[in-house]
Amino acid sequence: MKKYTNILFIIMLIIGSSATELMAQRMARGGGGSSRSSSSRQSSSRSSTSSYNKSKKPSSSSNNKSSASRNKSNSSSKNKSNTSNNKNRNTTNNKAKKSNKKGKNSNVRVSSRGGNRHYNGRRGYHTHRHHRYRPHRYGRNWHPLGFVIRTLAVTAVIVSINNQQYHYDEGVYYVQSGDTYTVVNAPTNIIVNTLPEGMETVQLNDDSYYYFGGAFYVKENDKYKVIEAPDGAVITNIPEGGEEVEIGEDKYVVYNKTYYMPFSQNGVDLYQVVEVEEAE
């Protein structure tokens, strides 16, 4: 009897051990399933997050590209606008400069009195024939109107009129200002002892005149007096400082308020002094 009791006890221990082991295996399988489920959830979460992030990035890139496109468009538009404005301003400035250089004078006209006068046996002025104005330079001692120097040549002399002193040298007149000397137009009625080489003798009817560097002279007591330009006088050169202007359909050269009409005679380009009057 005792023997059967021991056998039964052993069988119960074996059954209990098997049941315990079975329970442990089930628990182990249940935990593993939970782990896989958790891993799956995490993977799903990462996939979802990654998908969300990816969906965000293109949007940011698209916005940046759109912004860059707008900036380029605005910049291009502004640059084109600025370029257009600059071109317009430059064109306007260039036109203004050209207008100042060769303007049209509508305020004056050639005097009709010149047509009734005789100049060296010819009635009226010569026929206008335009030729290019080429400023003439009279030599190394010549300086144009407005030129400034610091030292005068030793040949310069002082001449004066109306209590104003001038320094005269080789047909050029200077006014002193501080330590410099500026070239000015020959003052009317001033008298000098000599005229330089290159002066022109101008015969007009019965009178003789002398011309040099844009100024006319008459001879008095072996000296030379500056006068206003005589109407109808013909010369060959006009120095630097003249300006071409249009009167009507013709071009003239103005130098020191004197109007010169260009014309040609025997193949030589010349200028004739013409009288002008206010246009009506």
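The values are calculated or read from the model by the stated rules, or taken from the named source; none is laboratory data. All of these numbers come straight from a predicted model, not from anything done at the bench. A quick note on method: Cβ atoms are made from the backbone with ideal geometry, for glycine too, and the neighbour counts reach across all protein chains shown.
Would you confirm, using the coordinates I've provided, whether Tyr271 is among the hydroxyl-bearing types (Ser, Thr, Tyr) and under 17 Å from Gly114 (Cβ atoms)? For Tyr271, the condition - among the hydroxyl-bearing types (Ser, Thr, Tyr) and under 17 Å from Gly114 (Cβ atoms) - is met. Taken together, Val274, Val202, Val192, Val254 contain a single residue that is among the β-branched types (Val, Ile, Thr) and farther than 24 Å from His143 by Cβ, which is Val274. Does segment 146-169 contain at least one residue that is within 16 Å of Leu270 (Cα to Cα) and free of Cβ contacts under 8 Å to residues at least 12 places away in the same chain? No, there is no match, as no residue in segment 146-169 is within 16 Å of Leu270 (Cα to Cα) and free of Cβ contacts under 8 Å to residues at least 12 places away in the same chain.
Every listed requirement among (1) within 24 Å of Ser112 (Cβ to Cβ); (2) assigned to a loop (DSSP other than H, G, I, E, B) is met by Tyr260 save one, (2).
State yes or no: is Tyr211 of a type outside the set (S, T, N, Q), free of Cβ contacts under 8 Å to residues at least 40 places away in the same chain and crowded, with 19+ Cβ neighbours inside 10 Å?
Yes; evaluated as a whole, the condition is true for this residue.
Within segment 229-252, residues that are closer than 26 Å to Ser208 by Cβ sit with their Cβ atoms under 7 Å from residues that are of a type in the set (D, E, K, R) and not in a loop (DSSP other than H, G, I, E, B), at 6+ positions apart or across chains, in these pairs: Ile235/Glu200; Thr236/Glu200. Residues in segment 232-241 that are modelled with pLDDT under 95 and out of contact with any His (no Cβ under 8 Å at 6 or more places or on another chain): 1 in all. What residue, among those in segment 94-130 that are more than 28 Å from Val268 (Cβ to Cβ) and either modelled with pLDDT of 90 or more or part of a loop (DSSP other than H, G, I, E, B) (or both), is farthest from the chain's Cα centre (by Cα)? Looking at the filtered set, the residue picked out is Asn107.
Which members of segment 147-168 meet the condition of being under 20 Å from Asn221 (Cα atoms) and either surrounded by 14 or more Cβ atoms within 10 Å (Cβ to Cβ) or among the charged types (D, E, K, R) (or both)?
Val159, Tyr168
Take the conditions (1) under 39 Å from the mean Cα position of the chain (by Cα); (2) at positive phi; (3) without any contact (Cβ under 8 Å) to a residue 40 or more places away in the chain; (4) loosely packed, with under 12 Cβ neighbours inside 10 Å; Arg134 misses just one of them, which is (2).
Restricting attention to segment 198-230, the residues being closer than 27 Å to Gly146 by Cβ and acidic (Asp, Glu) number 2.
Taken as a whole, segment 187-203 holds no residue that is surrounded by 13 or more Cβ atoms within 10 Å (Cβ to Cβ), among the aliphatic types (A, V, I, L, M) and touching a residue at least 40 places away in the same chain (Cβ under 8 Å).
Conditions tested, residue by residue: (1) of a type in the set (Phe, Trp, Tyr); (2) in a strand (DSSP E or B); (3) at pLDDT 95 or above.
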position	(1), (2), (3)
Thr182	no, yes, yes
Gly198	no, no, no
Val202	no, yes, yes
Phe216	yes, yes, yes
Val253	no, yes, yes
Gln272	no, yes, yes
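Scanning segment 232-251 for residues that are surrounded by fewer than 18 Cβ atoms within 10 Å (Cβ to Cβ) and part of a loop (DSSP other than H, G, I, E, B) returns Thr236, Gly241, Gly248, Glu249.
Can you name every residue in segment 113-137 that is in contact with a Pro (Cβ under 9 Å, 6 or more places away or on another chain) and closer than 18 Å to Asp206 by Cβ?
Taking segment 113-137 and keeping what is in contact with a Pro (Cβ under 9 Å, 6 or more places away or on another chain), we get 128-133, 135-137.
The answer is none; no residue qualifies.
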